[in-house]
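The values are calculated or read from the model by the stated rules, or taken from the named source; none is laboratory data. Please read all numbers here as calculations on a predicted model, not as lab measurements. FYI the Cβ positions are ideal-geometry reconstructions off the backbone, even for glycines, and counts take in every protein chain you see.
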């Protein structure tokens, strides 16, 4: 989920919001977009750290002046997550790039575990039993004759499936083409092109 938000921020938000929000708002938002893009780098140099600090402080200043305006009635707009942004650069200096501490893997795991819970009365027992059952089924591969009886088609990975673009019999991972087709109209394509060229 969070990686989808990061992609939306970096790739889509600017071209999609540009014609719908005032220029002042877009300029402030562009600071945040640039900061997120910089945070996604695998290796962050000291120059990147300085640029990230400038972008975060610029966005925070923009947000405070635009939305909070030092008015008590607008105080709910100052969420704690905005304060956390001020500590982001120090955290990167201490712990390294964001990818070394981000939560995407655990969120993905939670997304895989949630559908396993079928019982409202005993969800934890149900989850534990589902995990144990799946692991036992995973271990069947070490007993070849039973494995072939339970999973007769597993030995034919990649056959009769036009969406698979890469597979390897030694791994369970498979890469697929997208199953749903998404179409962009001409104006959306032009906006995306313009934004990408502006970023380069």
**Report entry** Pair list, Cβ < 9 Å and 6+ apart or interchain, from region 32-45 residues that are modelled with pLDDT of 90 or more to residues that are assigned to a loop (DSSP other than H, G, I, E, B) and crowded, with 17+ Cβ neighbours inside 10 Å
**Finding:** 38/44
Report summary line: Filtering region 1-52 down to residues that are surrounded by 13 or more Cβ atoms within 10 Å (Cβ to Cβ), within 20 Å of the chain's Cα centre (by Cα) and not in a helix (DSSP H, G or I) yields 40, 41, 44
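Only one residue in 134, 108, 141 is part of a helix (DSSP H, G or I), at pLDDT 65 or above and more than 28 Å from the chain's Cα centre (by Cα). Which one? Give the derivation first.
Details: 134 fails: more than 28 Å from the chain's Cα centre (by Cα); 108 fails: more than 28 Å from the chain's Cα centre (by Cα).
So the residue among 134, 108, 141 that is part of a helix (DSSP H, G or I), at pLDDT 65 or above and more than 28 Å from the chain's Cα centre (by Cα) is 141.
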Report task. Considering each residue of region 60-105, count those that are assigned to a loop (DSSP other than H, G, I, E, B) and either farther than 22 Å from residue 35 by Cα or modelled with pLDDT of 90 or more (or both), and give that number. Result -> 3
Query raised in the report: Pairs, please: C-beta under 8 Å, at least 6 apart or cross-chain, first residue more than 27 Å from residue 51 (Cα to Cα) and in region 68-89, second in a helix (DSSP H, G or I) and at pLDDT 85 or above?
Result: 74/67; 74/68; 75/68
